[in-house]
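Okay, so here's the structure we're looking at.
The values are calculated or read from the model by the stated rules, or taken from the named source; none is laboratory data. Bear in mind the structure is a predicted one, so any value in this text is a computation, not a measurement. Ideal geometry is used to build each Cβ from the backbone, glycine not excepted, and the neighbour counts take in all protein chains shown. Note: accessible area is taken over every heavy atom of the protein model, side chains too, but ligands, DNA and RNA are not part of it. Shrake-Rupley method; radii C 1.70, N 1.55, O 1.52, S 1.80 Å.
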Amino acid sequence: MQMYSGHINKLIEELSQLPGIGDKSAQRLAFHLINMKEDKVKRLADTIVSAKANVKYCKECYTLTDSDVCPVCSNANRNHKIIMVVETVRDLAAYEKTGKYEGVYHVLHGAISPMMGIGPGDIKLKELIARLENDVDEVIIATNSSLEGETTAMYISKLVKPTGIKVTRIASGVPVGGDLEYIDEVTLLRALEGRTEL
Ligand code: ZN
């Protein structure tokens with residue numbers, strides 16, 4: 001059924017493939033875009049293309065950044081011997097927002113999920129292990145408390161333990177299945193301070 005023009009249908013189809021955008025939202029966004037002034041649409045499109053072209057992984061922690069090494073990793077005042085392992089860039093941002101964490105990060109870009117066919121080789125795990133050859137005192141595992149997050153935490157702790165480096169897990173004050181980015185700063189800090197050795 002072709003309710004709309006081919007171009008609008010195509011736009012709706014592309015938008016509906018974005019996370020969290022269902023058919024209704026995609027339609028709303030498509031009509032909003034069509035009704036926007038041409039220069040604004042162009043600026044939006046250019047911003048997307050330029051972000052895609054210029055954003056890269058930090059060489060050390062694998063967060064997304066405009067430079068080779070992100071601002072956290074290039075900050076000499078941070079404690080580079082403490083590495084907090086998070087699933088996503090948004091989780092990193094949530095901890096950075098607290099302003100209380102002094103160490104550095106490692107972004108996995110996902111979690112192990114046998115159900116979704118995501119194995120250890122699909123996330124930045126070997127990159128983490130490579131970093132452990134540097135002088136590291138502690139690895140804080142701050143993956144989510146979902147099944148995938150816990151599976152990943154177990155896997156990492158098994159990999160790190162033989163190196164003799166201290167491995168800790170953030171406290172489970174974080175609601176089960178909760179995305180770290182939606183948790184308030186106080187809860188995040190409590191989870192960090194209450195971390196336990198694995
Ligand atoms: Zn970095």
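For Tyr62, indicate whether it is within 23 Å of Leu108 (Cβ to Cβ) and open to solvent by 90 Å² or more (accessible area, probe 1.4 Å).
Numbers: within 23 Å of Leu108 (Cβ to Cβ): yes; open to solvent by 90 Å² or more (accessible area, probe 1.4 Å): no.
No; evaluated as a whole, the condition is false for this residue.
Working carefully through the options Val85, Val89, find the one that is within 15 Å of the chain's Cα centre (by Cα) and in contact (Cβ under 8 Å) with a residue 60 or more places away in the chain. Working first, answer last.
Working: Val89 fails: in contact (Cβ under 8 Å) with a residue 60 or more places away in the chain.
Just a single option satisfies the conditions, and that option is Val85.
Any idea which residue in segment 65-75 is surrounded by the fewest Cβ atoms within 10 Å (Cβ to Cβ), counting only those that are within 9 Å of the ligand (Cβ to nearest atom) and polar (S, T, N, Q)? So that I can check it myself, show each step before the final result.
Let us first name the residues in segment 65-75 that are within 9 Å of the ligand (Cβ to nearest atom), namely 65, 69-74.
Restricting the remaining residues to those that are polar (S, T, N, Q) gives 65, 74.
Details: Thr65: 21, Ser74: 13.
Ranking the qualifying residues of segment 65-75, first place goes to Ser74.
Which of (1) modelled with pLDDT under 95; (2) among the aromatic types (Phe, Trp, Tyr); (3) within 27 Å of the chain's Cα centre (by Cα) is the odd one out, the single condition Tyr4 does not satisfy?
Tyr4 satisfies all of (1) modelled with pLDDT under 95; (2) among the aromatic types (Phe, Trp, Tyr); (3) within 27 Å of the chain's Cα centre (by Cα) except (3).
Please enumerate the residues belonging to segment 14-24 that are open to solvent by less than 70 Å² (accessible area, probe 1.4 Å) and assigned to a loop (DSSP other than H, G, I, E, B).
Filtering segment 14-24 for residues open to solvent by less than 70 Å² (accessible area, probe 1.4 Å) gives 15-16, 21-22.
Ser16, Ile21, Gly22 - these are the residues of segment 14-24 that are open to solvent by less than 70 Å² (accessible area, probe 1.4 Å) and assigned to a loop (DSSP other than H, G, I, E, B).
Scanning for something out of contact with any Gly (no Cβ under 7 Å at 6 or more places or on another chain) and β-branched (Val, Ile, Thr), does segment 118-138 turn up at least one residue? Don't jump to the end; show me each part of the working.
The initial filter retains those residues of segment 118-138 that are out of contact with any Gly (no Cβ under 7 Å at 6 or more places or on another chain), namely 119-121, 124-138.
Still in the running and β-branched (Val, Ile, Thr): 129, 136.
Yes - at least one qualifying residue is present in segment 118-138.
Restricting to segment 82-127, count the residues that are open to solvent by 40 Å² or more (accessible area, probe 1.4 Å) and assigned to a helix (DSSP H, G or I).
Summing the residues that are open to solvent by 40 Å² or more (accessible area, probe 1.4 Å) and assigned to a helix (DSSP H, G or I) in segment 82-127 gives 12.
Please work out which one of (1) surrounded by 15 or more Cβ atoms within 10 Å (Cβ to Cβ); (2) within 16 Å of the ligand (Cβ to nearest atom); (3) more than 24 Å from Leu192 (Cα to Cα) is the condition Leu11 fails and give its number.
(2)
Return the total of residues in segment 25-59 being touching an Asp or Glu at 6+ places or on another chain (Cβ under 8 Å), open to solvent by 70 Å² or more (accessible area, probe 1.4 Å) and either in a helix (DSSP H, G or I) or away from the ligand (no atom under 16 Å from the Cβ) (or both). Walk me through it before giving the result.
Applying the first criterion (touching an Asp or Glu at 6+ places or on another chain (Cβ under 8 Å)) to segment 25-59 yields 26, 54-56, 58-59.
Filter again for open to solvent by 70 Å² or more (accessible area, probe 1.4 Å), leaving 54, 56, 59.
Next, only the ones that are either in a helix (DSSP H, G or I) or away from the ligand (no atom under 16 Å from the Cβ) (or both) stay: 54.
Summing the residues that are touching an Asp or Glu at 6+ places or on another chain (Cβ under 8 Å), open to solvent by 70 Å² or more (accessible area, probe 1.4 Å) and either in a helix (DSSP H, G or I) or away from the ligand (no atom under 16 Å from the Cβ) (or both) in segment 25-59 gives 1.
One line per residue, one yes/no per condition, for (1) closer than 21 Å to Glu185 by Cβ; (2) out of contact with any helix residue (DSSP H, G or I) (no Cβ under 8 Å at 6 or more places or on another chain):
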{"residue": "Ala51", "(1), (2)": "no, yes"}
{"residue": "Val72", "(1), (2)": "yes, no"}
{"residue": "Ala76", "(1), (2)": "no, yes"}
{"residue": "Val104", "(1), (2)": "yes, yes"}
{"residue": "Pro120", "(1), (2)": "no, no"}
